[in-house]
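Asker: One structure, as structure tokens, below. Some questions next.
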Amino acid sequence: MNQTRIGLQATLNGDLTKAAHAAVPVSVEELARDAAACVAAGARAIHLHPRDAEGRERLNAGIVDAVVMAVRNACGVPVGVSTGAWIEPDLSRRLDLVRAWSAPDYASVNMSEPGSLEVMMALIQAGVSIEAGVWTVEDAERLAASGLGGQVTRILVEPVAVSVADALGLVEDIHRALDRLGLTAPRLQHGDGEATWVLLTDAIHRGLDTRIGLEDTLYEPSGERTTGNASLVRAAVGLGASTA
């Protein structure tokens, strides 16, 4: 399942609503339009959370496949989604929904969540590539213990809600653990909140893929509130994020 590097991934919405920022894309039309703008700005892949007609995150195949196909048709690059446990807390139902997918190019799996191994197996059964979300050294160890480390498309080195002071030390520990454990899949490094731009810049220095979007931050590197995803992508490209 390993694929070539993607460079810069745009993360369009996450679990946010327009209450967080008016530019958060929710409808399929908004997602398609925003994805196209992000690709024009320099993104080479998309990550999004599909919504139903009421704007709620969903894993249902009818919704996920339709949103992914519409967005991919609009922007022309790979499109991935989330398997976050909060979207469907019932693991058995979540697995059934994921197994029914046919359109996503890849999906992220948070290794810290209960059932992550089963979700990875469901994605393999569906023919959807896996992004393994590693938040901590312990997550790296979970991925190695799963026996599926060689079948993931990429490893997301992504500390969650970490401070600027702790961010660089934590990702260094994670990278060392991944190396020690022999996990050689391509890596994409990013952060969120106050650590977003610190970890994106560090990813550039490491020569790694990275990502940016409203899911991770509402602010430009200057600290000013962003106008939206395309502006964040332009800022990342300006810092030197790979678009190859």
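Asker: Taking all protein chains in place and a 1.4 Å probe, what share, in percent, of the accessible surface of the stretch 15-100 do carbon and sulfur account for?
Answerer: That share works out to 54 percent.
Asker: Using only the alpha carbons of the stretch 145-244, what is the convex hull's orientation-averaged projected area in square nanometres?
Answerer: Over all viewing directions, the stretch 145-244 projects a mean Cα-hull area of 6.7 nm².
Asker: If you don't mind, there's one more thing I want to ask. Mind giving me the FRET efficiency for Ser27 and Asp166? R0 is 30 Å, r the Cβ-Cβ distance, nearest 0.05 is fine.
Answerer: Efficiency for this residue pair is about 0.20.
Asker: Give me the dipole magnitude in Debye, nearest 20, for the chain about the Cα centre, with unit charges on the beta carbon: positive for Lys and Arg, negative for Asp and Glu.
Answerer: That gives a dipole near 640 debye.
Asker: Only four residue types carry charge here, +1 at the Cβ of Lys and Arg and -1 at the Cβ of Asp and Glu. Report the dipole size of the stretch 131-217 about the Cα centre in Debye, rounded to the nearest 20.
Answerer: For this selection, approximately 360 debye.
Asker: Right, here's the next one. Looking only at the stretch 1-113, where both bridge partners belong to it, what percent of the DSSP beta bridges are antiparallel (to the nearest 5)?
Answerer: 10 percent
Asker: Something else about it: Using the reciprocal of the averaged 1/r over all distinct C-alpha pairs, how large is the Kirkwood radius of the stretch 1-153 in Å?
Answerer: 15.6 Å
Asker: I'd like to know which of Val79, Gly115, Ser27 lies farthest towards the positive end of the charge dipole of the stretch 1-125, counting +1 on Cβ of Lys and Arg and -1 on Cβ of Asp and Glu.
Answerer: About the Cα centre, the residue reaching furthest to the positive side is Val79.
Asker: Now for a different question. Length gain on complete extension for the stretch Glu118 to Glu224, per 0.36 nm per residue less the alpha carbon to alpha carbon distance?
Answerer: 34.1 nm
Asker: Ok, one more. For the chain, with every protein chain kept in place, what is the accessible area per residue (1.4 Å probe, Å²)?
Answerer: 39 Å²
Asker: D for the stretch 109-175, whole µm²/s, Stokes-Einstein with Kirkwood Rh over alpha-carbon pairs at 10 °C and 1.306 mPa s: what number?
Answerer: Result for D is 129 µm²/s.
Asker: Using only the alpha-carbon atoms of the stretch 5-50 as identical scatterers, what base-10 log of I(q)/I(0) does the Debye formula give at q = 0.18, 0.21, 0.27 Å⁻¹?
Answerer: Normalising to I(0) and taking log10 leaves -0.50, -0.66, -0.99.
Asker: Of Leu199, Leu16, Ile6, which is farthest towards the positive pole of the chain's charge dipole, taken about the Cα centre with +1 and -1 on the beta-carbons of Lys, Arg and Asp, Glu respectively?
Answerer: Farthest towards the positive pole: Ile6.
Asker: Provide the net charge surrounding Glu215, with neighbours chosen by a C-beta distance below 10 Å and charges set as Lys +1, Arg +1, Asp -1, Glu -1.
Answerer: -2
The values are calculated or read from the model by the stated rules, or taken from the named source; none is laboratory data. If you're wondering where the values come from, they're calculated on a predicted model, not measured in any experiment. Counting neighbours? That spans all protein chains shown, and the Cβs are built from the backbone with ideal geometry, glycine included. For the accessible areas, the whole protein counts, side chains as well, though only heavy atoms, and no ligand, DNA or RNA atoms are used. Shrake-Rupley method; radii C 1.70, N 1.55, O 1.52, S 1.80 Å.
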